[in-house]
Amino acid sequence: MVKKIQVAIDGPASSGKSTVAKLLAKRFNYVYCDTGAMYRSVTLTALRRHVDLSDQDAVIEIAKEISITFQPAEDNQRVFVDGQEVTRDIRSGEVSANVSAVAAIPAVRAQMTNQQRQIACHGGIVMDGRDIGTTVLPDAEVKIFLVASAHERAARRYKENVAKGIPTASLAEIEKAIQLRDQKDSTRAVSPLRQAADAIRIDTTKMSIDEVCDSIVRIIKKALA
Ligand code: DC
């Protein structure tokens, strides 16, 4: 039988994780799981229900209660909360500005981590996030940590917004927001953004998506051999 492994891809916001993870999943016919979309889904639901995000118990209730599901689409992945599509809405500026606070709540993380481990338990998975290699899938056969300069990441997000027709902030505003989110994600008490000791670090600042993919394909093929 063909071996089906776990591939963990971590890194800061807009480091190219989701683009690369999607392409790798397609290439190996693996399932792709965007864990950031799960934290975004909890945040969106809390905002829609006008829950005060500093009321941790109320946010934890939402994380426990809602059902987050994914459906593969041609060049994207569709995200649903309780059967209702939220693919676009979870990318709004309001969700982006509030998701770090939600992702810092330990019981929310515990809930998401459980669901993520279930999704990954049979292997054949490419999972991207912040704590996949360190906490969610510590035994993943391949762990990648993608980095890029904040300026380059802001430029990528800006271009992506324009291409998708999403209303966008200026480049400078996006760069500032990215730096703020990096800082919050790296300094939170539970499962901060951190490179796993056995992860391979790739700086994508000057690399094309294809170059990044090719280098990870080589790493996965070696793990499969
Ligand atoms: O990758 P993203 O920008 O969609 O992630 C949204 C937020 O969720 C980000 O601020 C960090 C958080 N996150 C997390 O804490 N752990 C993960 N595994 C994935 C995302």
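Of note:
- Verdict on A169 being assigned to a loop (DSSP other than H, G, I, E, B) and within 29 Å of A107 (Cα to Cα): no
- Test for K4: is it touching a residue at least 40 places away in the same chain (Cβ under 8 Å), away from the ligand (no atom under 14 Å from the Cβ) and charged (D, E, K, R): yes
- Subset of the range 160-187 [of a type in the set (A, V, I, L, M), under 18 Å from the mean Cα position of the chain (by Cα) and surrounded by fewer than 16 Cβ atoms within 10 Å (Cβ to Cβ)]: L180
For (1) assigned to a helix (DSSP H, G or I); (2) touching a Cys at 6+ places or on another chain (Cβ under 8 Å); (3) near the ligand (Cβ under 10 Å from one of its atoms), each residue gets a yes or a no:
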site: E94; (1), (2), (3): yes, no, no
site: A101; (1), (2), (3): yes, no, yes
site: A107; (1), (2), (3): yes, no, no
site: Q115; (1), (2), (3): yes, no, no
site: Q118; (1), (2), (3): yes, no, no
site: H122; (1), (2), (3): no, no, no
site: A140; (1), (2), (3): no, no, no
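- Residue that is surrounded by the most Cβ atoms within 10 Å (Cβ to Cβ), among those in the range 25-44 that are away from the ligand (no atom under 14 Å from the Cβ) and not small (G, A, S): Y30
- Qualifying residues in the range 202-219 (those that are touching a residue at least 60 places away in the same chain (Cβ under 8 Å) and under 16 Å from A13 (Cα atoms)) - the one most open to solvent (accessible area, probe 1.4 Å): I209
- Verdict on S15 being modelled with pLDDT under 95, open to solvent by less than 20 Å² (accessible area, probe 1.4 Å) and either among the hydroxyl-bearing types (S, T, Y) or not in a loop (DSSP other than H, G, I, E, B) (or both): yes
- Residue among R157, R109, R117 that is in contact (Cβ under 8 Å) with a residue 60 or more places away in the chain, among the charged types (D, E, K, R) and open to solvent by 20 Å² or more (accessible area, probe 1.4 Å): R157
- When the range 1-21 is filtered for residues that are among the hydrophobic types (A, V, I, L, M, F, W, C) and in contact with a strand residue (DSSP E or B) (Cβ under 7 Å, 6 or more places away or on another chain), the ones remaining, listed by number, are I5, V7, A8, I9, V20, A21.
- Annotation: S149 fulfils all but one of (1) away from the ligand (no atom under 14 Å from the Cβ); (2) touching a helix residue (DSSP H, G or I) at 6+ places or on another chain (Cβ under 8 Å); (3) in contact (Cβ under 8 Å) with a residue 40 or more places away in the chain; the unmet one is (2).
So that you can scan it fast, the table gives a plain yes or no per residue for (1) of a type in the set (A, V, I, L, M); (2) more than 21 Å from A8 (Cα to Cα):
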residue: F145; (1), (2): no, no
residue: R153; (1), (2): no, no
residue: K164; (1), (2): no, yes
residue: A172; (1), (2): yes, yes
residue: I200; (1), (2): yes, no
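Conditions tested, residue by residue: (1) away from the ligand (no atom under 12 Å from the Cβ); (2) in contact with a strand residue (DSSP E or B) (Cβ under 8 Å, 6 or more places away or on another chain); (3) on the phi > 0 side of the Ramachandran plot; (4) among the polar types (S, T, N, Q).
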residue	(1), (2), (3), (4)
L23	yes, no, no, no
S54	yes, no, no, yes
E65	yes, no, no, no
P72	yes, yes, no, no
R88	yes, no, no, no
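- Answer residue from the range 76-86, given it is outside any strand (DSSP E or B) and within 15 Å of the ligand (Cβ to nearest atom) and is least open to solvent (accessible area, probe 1.4 Å) among those: V86
- The residues listed here are V126, V190; of these, the one that is assigned to a loop (DSSP other than H, G, I, E, B) and either in contact with a Pro (Cβ under 8 Å, 6 or more places away or on another chain) or open to solvent by less than 30 Å² (accessible area, probe 1.4 Å) (or both) is V190.
The values are calculated or read from the model by the stated rules, or taken from the named source; none is laboratory data. Everything numeric in this text was worked out from a predicted model, so none of it was measured. Methodologically, a virtual Cβ is constructed for each residue, glycine included, from the backbone with ideal geometry; neighbour enumeration extends over all protein chains shown. Accessible surface is based on the protein model in full, side chains and every heavy atom, while ligands, DNA and RNA are left aside. Shrake-Rupley method; radii C 1.70, N 1.55, O 1.52, S 1.80 Å.
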